Structure formats: C-alpha cells, structure tokens
Amino acid sequence: MNADLARLLAELFTVPKTLALGVVLEGAPYLGLLPFAVSADRTTAYVHVSRLARHTAGLSRGARVCALLHLEPSSVPDALQIPRLILSGVAEPLDPGSPEYKPARALYEERFPGMSATFSLGDFVFVALRFERGRLVSGFAKVRDLTAADLVPERTESA
C-alpha cells in the first residue's frame, strides 16, 4: 500500500467517532450508528451497545456484520469523492472476565470519557467487531480490496 493510502486508512480509523453498522435482523438488513474505538492493529472495533437498541439483536457471537467509516462529506466538494472504508467481519460480545475486556474498555473510555457511566448500566453489552476484509474507496473509481492483514499499520505509519 502506498503512503497516501496508508495515511488515508489511518485517518479513516481515527477521525470519525461513529461507524454505521449493518447487521441482519429477522433475515433483513438493519443499520445502526455507533461510537467506536479501534484496536491498535485496526482489525477490531469495540462498540458498547444497549440491549434496548434494535441493532444489538444482530450482534450475537459469530453474527456477520458490516461497518462503514467515512470522512465528513463537507470536507470533499464532490460526494462521489468522499473517502470511505467498508469493513466486514463477525461480532463477538466480550465477557467482562476475558483478558481482552479491560484493555478494550480502557481504549473505549479514553476515546469517550463521557460514556464511562454506561458500563454500570445492566442493559449494555461490550462487543468486538472482528474485521476480516475491507474495501477502501479513496475517490471516484479509486477502490482497493483489503484483507485483515492490510488493516494493520505498517511500522513507518505509526512512527
């Protein structure tokens, strides 16, 4: 991946605070908009969702998910040029006793300090979205398919 695409990918994981999440409910697609934090290797996004929200029913262990990250439309004059990343993978609700839970929660709370109180509410569940592949659209007719390995930052990118 060239340096410009690597920078764009990094920006798509850090600038947007929310992702559009697609799940399947009762055999039909359903969308939600969720705050997220991403793992250091960018292969997992963490979302903290209320069981009262309809999309949460589509986040059972192993459920197929799709996420969309994009830069602000106002930053690009032509809507066809909006940089975006479409990711697909599986959901994995995290057990509070799992080794991943505490560091993932700390990452999430660091990004959204005002949301810490939701972790004390009984109707919320913390879910890891494990990305298996993606599609990076850097502009009109500028598309690149990605594997999970392509999502991982190169050493020079994080330096």
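Label-point separation (nm) for residue 107 and residue 80, each offset 7 Å from Cα along Cα-to-Cβ?
3.6
Within the chain, what's the longest run with no trypsin sites (Lys or Arg not before Pro) in a DSSP loop and at most 15 other beta-carbon atoms within 10 Å? Give the range, please.
Formally, the longest exposed-site-free interval is 62-159.
Multiply the residue separation of residue 117 and residue 61 by 0.36 nm, subtract the distance between their alpha-carbon atoms, and state the gained length in nm to one decimal.
Answer, rounded to one decimal: 17.7 nm.
Under the rule a/c < 1.5 gives rounded, and otherwise a/b versus b/c splits prolate from oblate, where does segment 1-105 land using the Cα gyration tensor?
Oblate, because a/c is 1.5 or more while a/b does not exceed b/c.
Divide by every residue of the chain the summed helix terms, -39500 (n - 2.57) for each DSSP H run of at least 4, and state the resulting mean residue ellipticity at 222 nm, rounded to the nearest 500 deg cm²/dmol.
It lands at -5000 deg cm²/dmol.
Calculate how steeply helix 3-14 sits against the longest principal axis of the alpha-carbon atoms of the chain, using the helix alpha-carbon long axis, and give the answer as 0 to 90 degrees to the nearest 10.
On a 0 to 90 degree scale, this one is about 30.
Please list, by residue number, every one of the GluC sites (Glu not before Pro) in segment 106-159 that is coil in DSSP and has at most 16 other beta-carbon atoms within 10 Å.
154
Report, by chain and number, residues whose modeled amide H sits under 5 Å from the one on residue 132, excluding near sequence neighbours (fewer than 5 apart, same chain).
For residue 132, the qualifying residues are 88, 89, 90.
No lab work stands behind these numbers, since they all come straight from the coordinates. For clarity, every value in this text was computed on a predicted model and none was experimentally measured. Glycine gets a Cβ as well: all are built from the backbone with ideal geometry, and neighbour counts include every protein chain shown.
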